[in-house]
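Take a look at the structure below.
Each value in this text was obtained by applying a stated rule to the coordinates, not by laboratory testing. Just so you know, these numbers come straight off a predicted model, no measurement behind them. Here the Cβ positions follow ideal geometry from the backbone for every residue, glycine too, while neighbour counts run over all protein chains shown.
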Amino acid sequence: MLKLSVIASATLVALGLSSVADAGGRPDLVAKDLLLGKQYAAGQIVVQYHSYATAADKQRIKTKLSGTGVEAIAKRGGTLNLKGDIDLVKFTPGPTMQSKLDAIKNDASVDFAEPNWIVNHMVVSNDPYYTDGTLWGMYGASTTPVNQFGSQAGTAWTAASGADCSSVVVGVIDEGMMVNHPDLVGNVYKNPGDSTINGRDDDRNGLIDDVYGWDFVSNDSSVFDGPADFHGTHVAGTIGATGGNGIGVAGVCWKVKLMNAKFLGPRGGTSINGAKAIDYFTNLKLNGIPVVATNNSWGGGGYSQLQVDAIERAKAASILFITAAGNGGYDNDTRPSYPSSYPNENIISVAALNSDGSMADYSQWGLTSVDIGAPGTNVMSTFPKNVKGKTIATYSYLSGTSMATPHVAGAAALYKARHPSATWSEIKAAILNSATPTPSLDGKVVSGGRLNVSEF
């Protein structure tokens, strides 16, 4: 979640449930979110079938829903352990969404059904920006320049192991990412199974030429489509802009490898495409690519069992799901927002700090549901810009929990690079246990403190 310098709109939160929901989803939470008016794609329902459902059963469900079209999304790539097939059923909008869900809720062939929720970015609108005092989120009490409320990344870089995270991959689930930005291009990971654009699905994952990732909005391999993909580009720079190259900014991990799953466009994205993006990185991990975490600076919509299940599959593959707490300025313990409020144990939910150590007034919090704070206000990072009809690489300030989240994603990569055998749970514990106690976060987040990577 991010917020432009002028502070643009955003939507995301975090709330902890005691355990991952059982089969059958959470129709109670779905109904509550519908009553709250959370947005969904009109005329679209996601249906998760039981494994024993037959073709006739599936057709019966579509008939009940007056379905006019269907997208089958299950088992892409063939490596995910899914409960049963999943369909996106499309119908002519008319009756209420709740009435449509009620029509199939007791059908024995259906595990769960839910709207295709709309989600949005979490935004509030010899590296020069490091040396001139701009990149405060990377500073610490002993760095030059100094800012005790930064992530202490500058201190971590002076260790013998430095900032080399080239052994790990972080997935950016967001808008697109400017893969040719001079401060990113050296750290963009090429899918070894599909490393050349040749019009073929070389790694047989159902996606043609997913060299740098995949665009689930347009359903093609072009992960960067111009200046509108600023949010994903900015997030990527905080995780892993190249450090020590004498230009621009430096990310938490100077040499981390970045891949992109684009599912957000100018008007946000849908929960089903978000689930596809999560599963995309899980499939890559299951096929040998060292994905340690995904960065998820987005949120909104209602409770989605589809996404809960996808995040759980990521956990089984030892992938952390790092997400923004949200920019609504409220307590997520009492008012859940997703994906940060999902009950999955591999989630790290991140609140935003100002440069003086105060919690940002826009940041959401939650003593049991938000894990840690990180620099989120006036964060400088990589940015695409339109100049006279041409896209140029530049830098810009953004603010929001969207900007705090990639600091933590970079921290996960740094820890994994230095502790190669660490599991998702060990990485999460290391991040939370090393947090520096911070008065503004005391009683507000699980760790009671802010990100500190200096002792990784």
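Structural size metrics of the range 27-118, computed from C-alpha coordinates, are Rg and Dmax of 12.9, 37 Å.
If only the Cβ of Lys and Arg carry +1 and only the Cβ of Asp and Glu carry -1, the dipole of the range 372-454 around its Cα centre is close to 380 debye.
How many angstrom separate the Cα center of the range 173-229 from the Cα center of the range 240-301? Between the Cα centres of the range 173-229 and the range 240-301 lies a distance of 11 Å. Gain on full extension, evaluated as 0.36 nm per residue between GLU71 and LYS83 minus their Cα-Cα distance, stands at 2.6 nm.
Amide hydrogen proximity for THR394: with H placed 1.01 Å from N in the peptide plane, the residues at 5 or more positions away or on another chain lying under 5 Å are PHE383, LYS385. Computed from the C-beta positions of GLU455 and LEU367, the FRET efficiency with R₀ = 22 Å rounds to 0.30. Karplus-derived 3J(HN,Hα) values for the range 326-342, using 6.51 cos²θ - 1.76 cosθ + 1.60 with θ = phi - 60°, are x, 10, x, x, 9, 8, 6, 5, 9, 9, x, 9, 10, x, 5, 8, 5 Hz; glycine and proline are entered as x. Shape of the range 153-234 from its Cα gyration tensor (a ≥ b ≥ c, root eigenvalues): rounded if a/c is under 1.5, otherwise prolate when a/b > b/c, or oblate? Note, shape of the range 153-234 comes out oblate. Each residue, SER99 and ALA228, gets one label point 7 Å from its Cα in the Cβ direction; the gap between the two is 3.4 nm. With 30 Å as the limit, the listed pairs LYS255/LYS444; LYS38/LYS385; LYS83/LYS428; LYS32/LYS83 have LYS255/LYS444; LYS38/LYS385 beyond it between alpha carbons. With neighbour counts taken as other beta-carbon atoms within 10 Å, the residues VAL185, VAL179, VAL379, VAL387 rank, fewest first, as VAL387, VAL185, VAL179, VAL379. What the Cβ-Cβ distance of LYS190 and SER355 gives, at R0 = 30 Å and to the nearest 0.05, is a FRET efficiency of 0.25.
Specify whether the C-alpha gyration tensor of the range 122-450 places it in the rounded, prolate or oblate class, a ≥ b ≥ c being the square roots of the eigenvalues: rounded for a/c under 1.5, otherwise prolate if a/b is larger than b/c and oblate if not. It comes out rounded by the Cα gyration axes.
Ordering ASP229, ASP102 from the fewest to the most neighbouring beta carbons within 10 Å gives ASP102, ASP229. Our estimate of slack between ASP164 and ARG200, defined as 0.36 nm per intervening residue step minus the Cα-Cα distance, is 9.7 nm.
Where only DSSP H runs of four or more residues are counted, the chain gives -6500 deg cm²/dmol as its mean residue ellipticity at 222 nm, each run worth -39500 (n - 2.57). If both residues of a DSSP beta bridge must be in the range 122-450, then about 35% of such bridges are antiparallel.
Computed from label points 7 Å out along Cα-Cβ, the spacing between ASN433 and THR131 is 3.8 nm. The gain in end-to-end length when the ALA42 to THR92 segment is fully stretched comes to 17.2 nm, 0.36 nm per residue minus the alpha carbon separation. As a proxy for reagent exposure, VAL217, VAL169, VAL146 were ordered by neighbouring Cβ count within 10 angstrom, fewest first; the result is VAL146, VAL217, VAL169. Assuming R0 = 30 Å, what is the FRET efficiency of THR334 and ASP107, from their Cβ-Cβ distance, to the nearest 0.05? The formula returns an efficiency of 0.35 here.
Applying the Karplus relation 6.51 cos²θ - 1.76 cosθ + 1.60 with θ = phi - 60° to the range 301-310 yields 3J(HN,Hα) values of x, x, 4, 10, 4, 4, 6, 4, 5, 5 Hz, where x marks Gly and Pro.
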